[in-house]
Amino acid sequence: MSASTIVALVTAPGPAAVGIIRLSGTRSLEILCFLTGRKPVAFTPRRLHTVSLMWQGASLDRCLVVWMPAPHSYTGEDVVELHCHGSPPLLQEIIARVVQLGACPAQPGEYTERAFLNGKLDLTQAEAIQALIFAQDISAAERAMSQLKGELSDEIRTAERDLVTLLAEAEGMLDFPEEVDWNPSEFRKKLEQLSTCLDTLSEKAQRGETVQHLPTITIVGRPNVGKSSLLNALLGQNRMVVTPVPGTTRDSVEECMVHEGHAWRLVDTAGLGNAPGILADLSMAQTRERLAGANLALWLVDLSQPPSCDDRGIEEQILCPFLLVGNKTDLVEHPAWSSFRPPLTLRISALTRAGLPELLVAIDQSLPALADPGQVWLANIHQRDALRVSRETLHEAMALCPDSPELMVVLLHQSLQSLGSLSGKDLSPEVLRSIFSQFCIGK
C-alpha cells in the first residue's frame, strides 16, 4: 500500500453550511501544523480545535479541525479532518494548498481501501459502506448497517473456522493414518452441516439481490382517467403535463418517491384502449411491458364516466397484484360503478388529493413484506461468484468422501480459498482496486 498522504472532500459537492476535507497518511499532522502555524503538541487527539488556516500570510478560512492518530481512525492511519465553510471555491482552494504541501488527491474509495488493508474492516463491511451511502430508503440503510456491524462477517468466519477444522482432520488422516482415528461417516456429516451453512448464506445473498431493487408501482388505465394527475399528486409536484385531451402521455415516465422511510418506483403509463394509430400501438405495447415487471399495479378508472369495454379488458392484462382505484370523486359518480366487478378498492380525487392517505396505506399493505435485515446479504457479483464456487467445490469434495481423500483435501482447500475471498483474503491488488474504484471519491 502507498505510504502517501491523501486528501479529498468527504462531504457532498456543492454549496453547504459545512464542507469536510479529510487527510490520511503520515504527513497529515505535519500539513495541519504548516497551515495553522501551530506545533503538534497544540492538537489533542480526537478533540475539535478552532483554528485559522493560513497561506503565505493570508487567511484561507476559520474552521474546526480534529486530529486522529493511527491506529484509532477510520483508515487506521493518521487522519486530519478540516471542518470548513462549505463554499466550493474555498474548499477547492484549501485542497489545492494541501496538495501543494505534498498530499495526493484521493482516488475513489481509497479511504475505505486503506481501512480494509489496515484491518479496520473486512471486504463485506467495506462494501456495506457503499451500500449504506447509496441506500434509497430506511430499510436498505438498515440492511447495510446490519452488514457493516459485522453480522455477516461473523457467519463467514464461523464457516471458515469449521472448514479449517475439517481440513486439519482430513490432512491429519492422510499424513498420520496410524495415529488418527478417522470416521468417514462422521466426517461426511460435518461436511453436510457446513454445506447447509453455505446454502443459507447463498439464500441470503439471493434475497439481498431482490430487495436491492425498489418495488415498482405501475399506474394503468384508459386514456384521460387521471393517471398523470395521480402521479403528480403522489409526488407532490407537477412532474407530468396534464390536459383534458386524451392520450397526452405517450411514453412511460418513472419517478422515485419515499413514503414513511420506504422508497417506491412509480411508473406513469400511456392509456390502454382502442385508440387507432401506430404511435398509440407502440405506447400501449410499452405500457404492457412495464406492467409485466411491476410489483403492484394501480388500475385507475374515471368514476364520472360509465365503465367501458376498455375498462373490462384491462384486468386480463394485469399479471401482478393490483388495486382498483376510482378517481375523480370531486365529480358525480356514475351509478354503474357500484356493481362493477372486481369491486373498487377505494375512491380518490387526484385533483383535490382526497383519499390519497388511504391509498398510500393500501399500497404499503399490498407490497411484499420487507425482509428482516438479518435475513439478507447485500452481495455483489464478486461475492456471489465466490460463494457459488465455494459451495460447488465443497459439494464435489463431499462426493469424493471417503473414496478419494487426497483429491477431497485439494477441493476443500479450494473451497476455503473461495470462502476467504468473501472477506477479502488473498485477493490481488488489481481486484481490490477494481472493487474500491466503484466507491465515491472521499470514501
Residue that is in a helix (DSSP H, G or I), under 17 Å from the mean Cα position of the chain (by Cα), closer than 30 Å to Pro321 by Cα and polar (S, T, N, Q), where the choices are Ser202, Ser139: Ser139
Some residue of region 6-29 being surrounded by 13 or more Cβ atoms within 10 Å (Cβ to Cβ), outside the structural domain of Ala131 (by TED's automatic domain parsing), touching a Cys at 6+ places or on another chain (Cβ under 6 Å) and over 23 Å from Glu127 (Cα atoms): yes
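From the list Thr345, Thr329, Thr352, Thr287, which one is β-branched (Val, Ile, Thr) and at pLDDT below 80? Can you show your working first?
Values: Thr345 fails: at pLDDT below 80; Thr329 fails: at pLDDT below 80; Thr352 fails: at pLDDT below 80.
From the options Thr345, Thr329, Thr352, Thr287, the qualifying one is Thr287.
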Hits in region 221-240 (condition: at pLDDT below 90, aliphatic (A, V, I, L, M) and touching a helix residue (DSSP H, G or I) at 6+ places or on another chain (Cβ under 7 Å)): Met240
Looking only at region 330-348, and only at residues there that are under 18 Å from Ile219 (Cα atoms) and touching an Asp or Glu at 6+ places or on another chain (Cβ under 9 Å), the one that is surrounded by the fewest Cβ atoms within 10 Å (Cβ to Cβ): Pro342
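For region 181-200, indicate whether the set of residues that are over 18 Å from Cys401 (Cα atoms) and at pLDDT below 85 is non-empty.
Here is the first cut: in region 181-200, the ones over 18 Å from Cys401 (Cα atoms) are 197-200.
Now narrow it down to the ones that are at pLDDT below 85: none.
Scanning region 181-200 turns up no residue that is over 18 Å from Cys401 (Cα atoms) and at pLDDT below 85.
Mind telling me which of the residues Val211, Val258, Val245 ends up being at pLDDT below 60 and out of contact with any strand residue (DSSP E or B) (no Cβ under 6 Å at 6 or more places or on another chain)?
On the way: Val211 fails: at pLDDT below 60; Val258 fails: at pLDDT below 60.
Of Val211, Val258, Val245, the one residue that is at pLDDT below 60 and out of contact with any strand residue (DSSP E or B) (no Cβ under 6 Å at 6 or more places or on another chain) is Val245.
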Scan of region 314-324 for residues that are among the aliphatic types (A, V, I, L, M) and in contact (Cβ under 8 Å) with a residue 40 or more places away in the chain, ordered by number: Ile314, Ile318, Leu323
Complete set of residues in region 422-439 that are part of a loop (DSSP other than H, G, I, E, B), surrounded by 11 or more Cβ atoms within 10 Å (Cβ to Cβ) and of a type in the set (S, T, N, Q): Ser423, Ser437, Gln438
Filtered residues of region 96-124 (kept if farther than 22 Å from Pro45 by Cα and assigned to a helix (DSSP H, G or I)): Ala96, Arg97, Val99, Gln100, Glu110, Glu113, Phe116, Leu117, Leu123, Thr124
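The values are calculated or read from the model by the stated rules, or taken from the named source; none is laboratory data. The shown structure was predicted, so the numbers you read here are calculated from the model rather than taken from an experiment. All Cβ positions, even for glycine, are placed from backbone atoms using ideal geometry, and neighbour counts span all protein chains on display.
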